[in-house]
Each structure stands twice: as structure tokens, then as C-alpha cells.
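Q: Okay, handing you the structure first.
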Ligand SMILES: [Zn+2]
């Protein structure tokens, strides 16, 4: 059992050269030719048309001129929620198709960036913070990419090898016993490789390119994740409905009522309440992330010494900036007091960890 909990945000993915939220839409338009080829139903074409008509961007537009992905998803979700049309070209049905195209695009560009991302700093992070056989990693993450998964499975090879404990009812890996598990990975926003049947709520782990190397996973996982994003997605083993990825897309109408995610959130609360030390890497604690801020604030209420809360940010302009001079530092200070603050990024901070 470990007393340390590691909390990863988008900045941790960035430190592994993964894509940040505001880079996803531009990457999606750059990859449009390959996306169109995989999407015979024309949803990607409709998304490109929607972005051009309604938001005045195309593949040659500068990154900073794009609408934010959370804003775009929120506008679409609001229209769907209210059953209102955006414009007579974009009725509810078209909006639902757009949402699917964005999910498909997010998956594709993240998967592509993950294939190129070195996970070595996450590997070093887990090895240093959780040394030895009896001290398995305990990680909470807001990221749905597979960087932490890959790194944790890699660390597990030092023992007998194993899958992380995800603490949600993933049906097709339920037969894997504790001896083939290693570490705890709590993915608050779901995961790229989790497939959900929206009819019977069966959850499965799907296979993705980036973690195919791990033999243990190879034996277990049957469905090709990518095919579930297409019209003839893999059928649910129980009710034959189409399996869809379970990821809480960056939108303000986030749906945490899913029973599988409720389990993950419960476990995250539990491990935080038992932690003696918590390290936040690249999580900016934004004010509008109310559910996560609430979870963290309650989960860490027992920690009396704020120095047991380490916050690692990356400030390119001034790596030695004080917490009170940085917006992220100020948000943490207002919640916890005089935290252990670092602004020189994951790799620099790791060098100081024995
Ligand atoms: Zn089903």
C-alpha cells in the first residue's frame, strides 16, 4: 500500500509530447484526408463544412483562430439537449452526426499522437514515486489518452506484468485475477480504449495500436477499437447494440452520471482520503471544472500540512515564478494554503526526485 497519490492533468500529456485540447481541432482538420477515407458515411465531411460555415476555419487557419474545443462541444451539446436547430442546415440529427464525427476525430488524432509520444518520463515518474514491489502506482488522471496506461504496464514488466486496476466494471477483463493486476489507474473522464454499450451499459476494454505490444492485453482483448467508431461498429456481446467509446468529451455538459464513471470517482475520493501526500502534475485546477475541484477539495480535507501537496506546472517564461505570481499557483493556494510549488515542468522536477 502506498501513501502517495499522483494526480495527472493535461500538462502531463503535454510533457510526453501528447496533444492538448486546443490542438485537437486543428490536428483534426490537418488529418482530414485520412479521416474521410475511414468514414464512408460523410460525417467528417459534414464536420469540415460546419467548421467552415459556422466558425470560419479550415485546414490552413492558424491554431489560435479556432474556436475552443470545449466551446464547440458545449454549443453542440446545448443544441442537442434543448432539441433546437442551430441553423436550417444543422438540425438535431445533423448535430448528433457532428458530435459523432468529433468523437471519431478526437480518437484518431489522439491515437496518432500517442503512437509518436514517448512515455519515458511517465515511466520514470512511476518508478521514482512508487519504488519496489509493495508500492504499486496509484494514479488519478483527467486524461483519456493511454500514456499513463502504457507507462504503468511497462513498469509492471519489472514484476510479473499486469493490467492496471481501473475500478470500473470492464466486462471482458473481469476474469483477470489480482496476480495479473498492477497499480491503480483512475480515469475520471473515461478512456480512449473503453467501449460502452449505451443500451445495456456493458463496458469493454478495446484494443488500440499503441498498447498492442503488451502480450497480456493481446490475449484478452478482442475488438478492434477503431472499427467501433464507424457505421458498422463492433456489436455488444450481450445485446448486439453498437459499442461506443466512453469518454467525457471536453464540454460543459459533462456527464458523470454514468455508473462506471461513478465507481471511478468513488474510488478516487477514497484513495485521496487515505493519502498522506499528493502530487499534481499539469492539472491547472480551472474554476469551471467544478466537479473535479469539488472531488479534490473534499478528498484532501484531512491533509493538515500543505507542503504534502506538490504542484508541478510548467511556466516557460519564468520557471522559478512564485505560486502567488502564477494563476494556477494562486488557485491551489486559495484551496490548500502554502503548497509545495514547482513551475519548471515535469522533467526538471523529476531530476530533483531521488
Ligand atoms: Zn449491450
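Derivation of every value follows stated rules applied to the coordinates shown; laboratory data play no part. Keep in mind the model is a prediction, meaning the values are calculated, not measured. Backbone-built Cβ (ideal geometry, glycine too); neighbour counts: all protein chains shown.
Q: Which distance in nm do the two modelled labels at residue 301 and residue 238 give, with both placed 7 Å along the Cα-to-Cβ direction?
A: 3.4 nm
Q: To test your reading of the geometry: what angle, between 0 and 90 degrees and rounded to tens, separates the Cα axis of helix 290-299 from the longest principal axis of the chain?
A: Taking the Cα atoms of the chain, the angle to 290-299 is about 20 degrees.
Q: Let me ask something else. Once the Cα atoms of helix 69-81 and of the chain are each reduced to a long axis, what angle between those two axes, in degrees from 0 to 90 to the nearest 10, is obtained?
A: Helix 69-81 and the main axis of the chain meet at about 60 degrees.
Q: At 0.36 nm per residue, and after removing the present C-alpha to C-alpha distance, how many nm does the segment from residue 175 to residue 288 gain when stretched out fully?
A: Working: separation 113, 0.36 × 113 = 40.68 nm, distance 3.88 nm.
Here the answer is 36.8 nm.
Q: May I ask for the distance between the Cα centers of region 55-82 and region 187-207, given as a whole number of Å?
A: Region 55-82 and region 187-207 have Cα centres spaced 25 Å from each other.
Q: Calculate how steeply helix 92-116 sits against the longest principal axis of the alpha-carbon atoms of the chain, using the helix alpha-carbon long axis, and give the answer as 0 to 90 degrees to the nearest 10.
A: With both axes taken from Cα atoms, the answer is about 50 degrees.
Q: Which residues in region 297-313 place their backbone N less than 15 Å from a point set 7 Å from the Cα of residue 135 along the Cα-to-Cβ direction?
A: Counting backbone N atoms under 15 Å from the label point, the list is empty.
Q: Turning to a different aspect of this structure: Using DSSP, restrict attention to beta bridges with both residues in the chain and report what percent are antiparallel, rounded to the nearest 5.
A: Details: 10 of 33 bridges.
Restricted to the chain, the bridges split so that about 30 percent are antiparallel.
Q: Along the Cα-to-Cβ line of residue 348, 7 Å from the Cα, sits a label point; which residues in region 318-334 have backbone N less than 16 Å from it?
A: Under 16 Å, as judged by backbone N against the label point of residue 348, lie 318-329 of region 318-334.
Q: In whole angstrom, how long is each semi-axis of the equivalent ellipsoid of region 21-116, when you take the square root of 5 times every eigenvalue of its Cα gyration tensor and sort them from largest down? Display every interim value, and only then the final one.
A: Details: eigenvalues 89, 43, 32 Å².
Values for region 21-116, descending: 21, 15, 13 Å.
Q: Rounded if a/c is under 1.5, else prolate if a/b beats b/c, else oblate: with a ≥ b ≥ c from the C-alpha gyration tensor eigenvalues square-rooted, which is the chain? Display every interim value, and only then the final one.
A: On the way: a/c = 1.73, a/b = 1.27, b/c = 1.36.
Oblate, because a/c is 1.5 or more while a/b does not exceed b/c.
Q: Once fully extended, how much extra length lies between residue 88 and residue 201, figured as 0.36 nm per residue of separation less the alpha-carbon to alpha-carbon distance?
A: Details: separation 113, 0.36 × 113 = 40.68 nm, distance 3.37 nm.
Extra length from residue 88 to residue 201 when fully extended: 37.3 nm.
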